[in-house]
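Below is one structure, written out as structure tokens; the observations come after it.
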Amino acid sequence: GRMSDSLLKRLDLTKGDKWDSMLQGISDVADLSDPTGIVDYAKKLDDGLELYRVSCPIGVLLVIFEARPEVVVNIAALAIKSGNAAILKGGKESSHTTQLLSRAISSGLSQTSLPDTYIQTIQTRAEVSALLDLDQYIDLVIPRGSNALVKNIQNNTRIPVMGHADGLCNVYLDESAKVEKAVRVVVDSKTDYPSACNSVENLLLHTSVLPTVWPEVAKALVSAGVQLLCDEPSLKALTTIYPPAQNFSTHLHPIPADHSSYTTEHLSLTLSVLTLPSLPSAIQFINAHSSHHTDSIVTEDTAAASAFCRGVDSAGTFVNASTRFADGFRYGFGTEVGISTGRIHARGPVGLEGLVIYKYMMKSTGEKGHIASEFGTGVGKRRFKHTDIEASSVPF
């Protein structure tokens, strides 16, 4: 009968502009171009023999997500637009809302040429377990949630899994960072929506910013209600502003971090702070401890920005921009199925393009057709032409 404030915010569709944004996402997806039937590779192999690579739907999706009811609508819109059927399982805390939204979607589908069961919802873990065995019918599983959830799904199915795990995002203040820019980027990354997977959890400081930029950033964070968990150097740098407290549980007084602080997705107004001696050490730390979601650098050094973006192995690497920009709606995808932190065909916010694969289509217009044994490098064999063809769609 009890839940955290961050969970309650996830469940409440009436908070802020969440409802209007959900509806706008449907319209935005509807206005996007059809992602299927697009030719991105076209070759003339021989006179009268043409090859095309064409985008097509994946098939049937099983999407398991956390207690965030608007995801039902987001995924339904993307699945329908991309030609995929979908089975959806939301968190138990939002089961009633999920069922109501599902009925509305089925009602809308019943007025189209698609069956009203094209998008379905399920409610129990037992149903999920049964579906994970049906690799002959389900083509892709997309779990959104903790690493434990993703690993559990991967270990209990033969169906391919596109993991949408937790968001352990970092912002690094480089030695050339400017105060105003640092304050804006860090405060927004933490406070705009703390329970989102793209909110920052670790703030990394170059040692040179401890007496200059860091105190101003810290004051802005504390003023915004953020609890700071600091390593020894960053905590010491704040002693003139926040003298050591007798009781470290004092509300919003910066307190010492422990080892687990830097691997914890707080999903609240709590931020872990760590001091590092160089940009390479920051890149190394992020690659070793982050969830490879989204990481940002605040810097005026173009070489440092380039090294950071190329060196950090995450789905999103930003320069002087809030991690909160990591979102399908903000990228122009209309909405998203989730954020993929893996290394498969879709990475980062997964919109329509992440929900299609491709097939190769070949056509011979030769009088006798074409056979492979006539081609090769030997005497009397024909050579492939492999010349480009201009094509936006398959001409057959």
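The values are calculated or read from the model by the stated rules, or taken from the named source; none is laboratory data. Keep in mind that this is a model prediction, so the values were computed, not measured. Heads up, the Cβs are rebuilt from the backbone with ideal geometry, glycines too, and the neighbour counts pull from every protein chain shown. Calculation scope for accessible area: heavy atoms of the full protein, side chains included, ligands and nucleic acids excluded. Shrake-Rupley method; radii C 1.70, N 1.55, O 1.52, S 1.80 Å.
Can you pull the one-decimal nm distance between simple spin-label points at K178 and E367, each 7 Å off the Cα toward Cβ?
Taking the two extended label points, one gets 7.3 nm.
At a Förster distance of 41 Å, what's the computed FRET efficiency of D258 paired with L134, Cβ-Cβ distance as r, to 0.05?
My answer for the efficiency is 0.40.
Give, as ranges by residue number, the residues of the stretch 311-344 whose backbone N falls under 16 Å from the point 7 Å along Cα→Cβ of R53.
Residues passing the 16 Å test: 344.
The stretch 75-139 to the stretch 19-37: how many Å between their Cα centroids?
18
Hey, if we sort F65, F384 by accessible area with the 1.4 Å probe, largest down, what's the order?
F384, F65
Could you tell me which of rounded, prolate or oblate describes the stretch 169-327, using a ≥ b ≥ c as the square roots of the eigenvalues of the alpha-carbon gyration tensor, with rounded for a/c under 1.5 and, failing that, prolate when a/b is larger than b/c and oblate otherwise?
Prolate shape, in that a/c is at least 1.5 and a/b is the bigger ratio.
Of the cross-linked pairs K15/K190; K18/K178; K15/K178; K151/K181; K9/K178; K151/K219, which ones have a Cα-Cα span greater than 29 Å in the structure shown?
K18/K178; K15/K178; K151/K181; K9/K178; K151/K219, as the Cα separations exceed 29 Å there.
Starting from the amide H of A321, placed 1.01 Å from N in the peptide plane, find each other amide H under 5 Å away whose residue is 5 or more places distant or on another chain.
It is I297, by chain and number.
Between the stretch 330-354 and the stretch 146-204, how far is it from one alpha carbon centroid to the other, in angstrom?
Here the two parts' Cα centres lie 15 Å apart.
Sequence gap at least 6, Cα distance under 8 Å: using those rules, report the relative contact order of the stretch 169-327 to the nearest whole percent.
34
Run down the aspartates and glutamates and flag those whose C-alpha is under 15 Å from the C-alpha of K43, throwing out any fewer than 8 positions away in its chain.
Filter leaves D388, E390.
Averaging sequence separations of C-alpha pairs under 8 Å and six or more residues apart, then dividing by the length of the stretch 306-396, give the relative contact order as a whole percent.
Relative contact order, the stretch 306-396: 14 percent.
If the label point is 7 Å along Cα→Cβ of D5, which residues in the stretch 162-197 have backbone nitrogen under 16 Å from it?
Only 190-196 pass the distance filter.
Using 7 Å Cα-to-Cβ label points, what is the T117/N155 separation (nm, one decimal)?
Modelled inter-label distance: 3.4 nm.
Okay, helix-only estimate at 222 nm for the chain: each DSSP H run of n ≥ 4 adds -39500 (n - 2.57), divide by all residues, round to 500 deg cm²/dmol; what do you get?
Taken over the chain, the calculation gives -8500 deg cm²/dmol.
Restricting to Cα pairs below 8 Å that are 6+ residues apart, what does the relative contact order work out to for the chain? Please round to a whole percent.
Reported as a whole number, the value is 22 percent.
I want to verify a result. In a Gaussian network model of the chain, Cα cutoff 10 Å, which of these has the top mean-square fluctuation: T317, T263, T98?
T263
Scan the stretch 81-173 for trypsin sites (Lys or Arg not before Pro) in coil per DSSP, keeping those whose Cβ has at most 14 other Cβ atoms within 10 Å, and list them by number.
The qualifying sites are R158.
Can you compute the FRET efficiency between E232 and D12 using 1/(1 + (r/R0)^6), with r the Cβ-Cβ distance and R0 = 25 Å? Round to the nearest 0.05.
That gives a FRET efficiency of 0.05.
Out of D301, D47, D192, any idea which swings most in a Gaussian network model of the chain, alpha carbons joined below 10 Å?
D47
In the stretch 169-327, what percent of the accessible surface is made up of carbon and sulfur (1.4 Å probe, ligands and nucleic acids excluded)?
Looking at the stretch 169-327 in its full context, I get 56 percent from C and S.
Let me check something: with ligands and nucleic acids excluded, how do K236, K178 order by accessible area (1.4 Å probe), largest to smallest?
K236, K178
Please identify, among S189, S95, S107, the residue showing maximal mean-square fluctuation in a Gaussian network model of the chain using a 10 angstrom Cα cutoff.
Ranking S189, S95, S107 by mean-square fluctuation puts S107 first.
May I ask you to order 345-355, 132-142 by the average number of other C-beta atoms within 10 Å around their residues, highest value first?
Top of the packing list down: 345-355, 132-142.
Rank these by accessible area, largest first, 1.4 Å probe: M22, M3.
Reading off the accessible areas and sorting them downward yields M3, M22.
At 1.4 Å probe radius, can you tell me the per residue accessible area of the stretch 169-327 in Å²?
Heavy-atom SASA per residue in the stretch 169-327 reads 41 Å².
Can you give the extra length, in nm with one decimal, that the chain gains between R330 and S281 once fully stretched, where that is 0.36 nm per residue apart less the Cα-Cα distance?
Result: 14.6 nm gained on full extension.
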